[in-house]
1. Where in segment 1-104 are the strands (runs of 3 or more DSSP E), entirely inside, with at least 1 residues that are within 12 Å of the chain's Cα centre (by Cα)?
2. So in segment 16-59, with the set limited to residues that are under 15 Å from Ser105 (Cα atoms) and either of a type in the set (Lys, Arg) or modelled with pLDDT of 85 or more (or both), which one is surrounded by the most Cβ atoms within 10 Å (Cβ to Cβ)?
3. Gly120 - would you say it is among the small types (Gly, Ala, Ser), over 11 Å from the mean Cα position of the chain (by Cα), at positive phi and in a loop (DSSP other than H, G, I, E, B)?
4. Anything in segment 24-55 that is closer than 18 Å to Arg113 by Cβ and free of Cβ contacts under 8 Å to residues at least 24 places away in the same chain? List them, or say none.
5. Could you tell me which of the residues Asp106, Asp82 is touching a residue at least 40 places away in the same chain (Cβ under 8 Å), surrounded by 16 or more Cβ atoms within 10 Å (Cβ to Cβ), more than 18 Å from Ala13 (Cβ to Cβ) and of a type in the set (Asp, Glu)?
Amino acid sequence: MPDLLDTGLDWLAQQLRQHASRSVVYQRGANQVTVPATIGRTLMKLADGEGGVRMEWTDRDFLIRADALVLAGNRIEPARGDQVIDAGRRYEVMAPGGELPWRVSDPFGHLLRIHAKFVGNA
């Protein structure tokens, strides 16, 4: 019997891709793939080095289905330094304050939230 929550979250990820996304190019070195991505941002809580916390927004987050990230025939996980080109703007996969540059966005790993910083025009 299928897991109802898993099935429902997969359906929701498909709806997000179908109705609230646009095509971006995900690039690692010479390899690239065009994938649908939903655009977002994340407010991160970061240590300020003095025992406090500072808040910082990511420049851009890309929500991409995990099964869409296939380069050179291999499914990949996002990595710091990868690039995403969105509407002529280039973003580098990274996160402020040494945080991880991506995270799974649902309990079953259907959708990835990839943090990125604007680095220039493509």
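1. Values: elements: 22-28, 31-40, 43-47, 53-57, 60-65, 83-86, 89-93, 102-104.
In segment 1-104, the matching strands (runs of 3 or more DSSP E) lie at 22-28, 31-40, 60-65, 83-86, 89-93, 102-104.
2. The qualifying residue surrounded by the most Cβ atoms within 10 Å (Cβ to Cβ) is Ala37.
3. no
4. Arg41, Leu43, Lys45, Met55
5. Working: Asp106 fails: more than 18 Å from Ala13 (Cβ to Cβ).
The conditions single out Asp82.
The values are calculated or read from the model by the stated rules, or taken from the named source; none is laboratory data. Quantities reported herein were computed from a predicted structural model and do not represent experimental measurements. Neighbour counts are summed over all protein chains in view; Cβ atoms, including those assigned to glycine, are modelled from backbone coordinates with ideal geometry.
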